[in-house]
Amino acid sequence: MSNAASFGIHDLSFATTEYVLSHAALAEYNGTEIGKYHIGIGQRSMSVCAADEDIVTLGAAAAAPIIARHGSERIRTVVFATESSIDQAKSAGIYVHSLLGLQSACRVVELKQACYGATAALQFAIGLVRRDPDQQVLVIASDVSKYELDSPGEATQGAAAVAMLVSADPALVCIENASGLFTADVMDFWRPNYRTTALVDGQESVEAYLQAVAGSWKDYGEQGGRTLDEFAAFCYHQPFTKMAYKAHRHLLNHAGHSADQADIEHAIGQTVAYNTSIGNSYTASVYLALAALLDQADDLTDRPIGFLSYGSGSVAEFFAGTAVPGYREHLRTAANLAAIARRKPVDHARYRELHEWSFPADGGDHPTPQQTTGPFRLAGVSGHKRIYQAR
Ligand code: CAA
């Protein structure tokens, strides 16, 4: 057993969808002034799933490069965080475990608490690797964000998966012990089991998020956390990228700091590049913010990064990580940019068709049209069973 002193993110990889809808196309269809999307909510486009993509194919595509680089011998736990679950009983992680050929000596579980789930997974994973630093945990955050067509939430849809290998002596980011927690029972955003699209009280959800920022920061201070001016940057959950700016301004005001626009831009600006193009990926969003930051910042070695993970309903956690010396050699910047660039634009009519596409629930054989060019696809359902293929 090694004498590891630090624990955190050893590798991070993400995947997104086959298709993309621009906000310009959405605005042209619904008559919205484009400034509302580009400036008001800070979104340029949204990832759109092909009919043969879902949280499993995205999650497997995100995790496959990690397995290719590190092997899977040390992975004895897979935690799949999602709020767009495809089954009420079976973990989506088991399909990924199978697609990636992981060992049978492995525990696989799905975690849910809206967009916060991946942070719970990360913290639980750190607990496991602390117990046995020879083991690694594969954390997968995968979500498809869907609101009703023509609703206010529609412009904040998106889809992506982030996979993280959690280990002792990580190569990317050490996660620190101090953690600020906050839970409140609010109905700002939810999705009953019988619905495919989320329900949301938009303005209430923004207020609930801001309340959770203040609450988790307060607890973070009480747990012996760092002071605000120690942080090089802040990765917020980004349901739309403007929300990160609102949240940071709220945090600065709450903590009695001046909320200068240039300081806010400095703290947030490099975290939004991927989410502005992908849209809301729920559990994955805060870790896409981290990927964008690490890929773009000059050098963050040993610099603290603040994380604010928010999940409606609601749970939030404020915690910190530091970039590890040499981290830049382990980044996947070219692959990350390629994952975004490879998406094919769809027009608004095609987007609506894809949005409304679903399998019949009659238990028959329903092959899926071959659309994705990604490494994994949902080939169909048969006898109520989902059938996946690796290329
Ligand atoms: N040019 C520039 N800005 C413009 C503009 C224009 N032409 N027109 C409007 N705007 C601005 C508005 O002033 C507003 O800015 P502020 O928020 O700074 O005041 C912004 O654009 C949005 O305008 P509205 O509030 O009028 O927009 P809306 O009624 O369509 O609602 C929304 C926006 C609430 C985010 C809605 O898209 C929504 O419900 N989204 C889903 C819920 C959500 O994302 N909530 C976030 C917190 S909850 C969470 O984080 C969990 C999660 O992932 C869901």
Over the stretch 174-327, average the accessible area per residue using a 1.4 Å probe and give it in Å², no decimals.
-> 38
Provide the net charge surrounding Thr57, with neighbours chosen by a C-beta distance below 15 Å and charges set as Lys +1, Arg +1, Asp -1, Glu -1.
-> -1
Considering only Trp217, Trp190, Trp357, give the residue with the highest GNM mean-square fluctuation for the chain, with springs between Cα atoms whenever their separation is below 10 Å.
-> Trp357
Point-to-point label distance, Ser6-His266, nm (Cα→Cβ direction, 7 Å offset) | 2.4
Looks like the stretch 97-216, by Cα gyration tensor root eigenvalues a ≥ b ≥ c and the a/c under 1.5 rounded cutoff (else prolate when a/b is bigger than b/c, oblate otherwise), is oblate
Taking the stretch 14-90, which trypsin sites (Lys or Arg not before Pro) meet the DSSP loop condition and have no more than 14 other C-beta atoms within 10 Å?
-> Lys90
In nm, what is the difference between 0.36 nm times the number of residues separating Ala349 and Asp229 and their Cα-Cα distance?
-> 38.4 nm
Note down the net charge around Gln261, summing +1 for each Lys or Arg and -1 for each Asp or Glu among other residues with Cβ under 14 Å from its Cβ.
-> 0
Mind jotting down the distance between the C-alpha centroids of the stretch 142-156 and the stretch 106-133, whole Å?
-> 27
Cα centroids of the stretch 234-310 and the stretch 337-371: how far apart, whole angstrom?
-> 30
Cα convex hull of the chain, projected area averaged across orientations, nm² = 18.2
Report ³J(HN,Hα) in whole Hz for each residue of the stretch 45-51, in order, from the Karplus equation J = 6.51 cos²θ - 1.76 cosθ + 1.60 where θ = phi - 60°; Gly and Pro get x.
-> 7, 9, 5, 10, 6, 5, 4
Residues other than Gln371 with Cβ under 14 Å of its Cβ, Lys/Arg counted +1 and Asp/Glu -1, net out at +1
Can you give the helix-only mean residue ellipticity at 222 nm for the chain, where every DSSP H stretch with n ≥ 4 adds -39500 (n - 2.57) and the sum goes over all residues, rounded to the nearest 500 deg cm²/dmol?
-> -9500 deg cm²/dmol
Quick note, the stretch 146-223: a/c under 1.5 would make it rounded; otherwise a/b > b/c is prolate and the rest oblate (a ≥ b ≥ c, C-alpha gyration tensor); here it is oblate
What spacing in nm lies between the two simple spin-label points modelled at Gln370 and Thr301, each 7 Å away from Cα in the Cβ direction?
-> 4.9
Give the carbon-plus-sulfur fraction of the accessible surface of the chain in %, rounded to a whole number; probe 1.4 Å, heavy atoms of protein chains only.
-> 51
Within the stretch 293-379, trypsin sites (Lys or Arg not before Pro) in DSSP loop having at most 16 other beta-carbon neighbours inside 10 Å = Arg342
Using the Karplus curve 6.51 cos²θ - 1.76 cosθ + 1.60 with θ = phi - 60°, work out ³J(HN,Hα) for each residue of the stretch 150-167 in order, rounded to whole Hz, and write x for Gly and Pro.
-> 6, 9, x, x, 3, 6, 10, 7, x, 6, 5, 10, 10, 10, 10, 9, 9, 8
Which loop-located GluC sites (Glu not before Pro) does the stretch 65-115 contain, where loop means any DSSP state but H, G, I, E or B and the Cβ has at most 13 other Cβ atoms within 10 Å?
-> Glu73
Checking Asp188, Asp87, Asp132 against a Gaussian network model of the chain (alpha-carbon springs below 10 Å), the top fluctuating residue turns out to be Asp87
Top mean-square fluctuation among Ala255, Ala118, Ala51, Gaussian network model of the chain, C-alpha springs under 10 Å?
-> Ala255
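The values are calculated or read from the model by the stated rules, or taken from the named source; none is laboratory data. Source: prediction; values computed, not measured. Note: ideal-geometry Cβ built from the backbone for every residue, glycine included; neighbour counts use all protein chains shown. When the accessible area is computed, the model is the full protein with side chains, heavy atoms only, and any ligands, DNA or RNA have been set aside. Shrake-Rupley method; radii C 1.70, N 1.55, O 1.52, S 1.80 Å.
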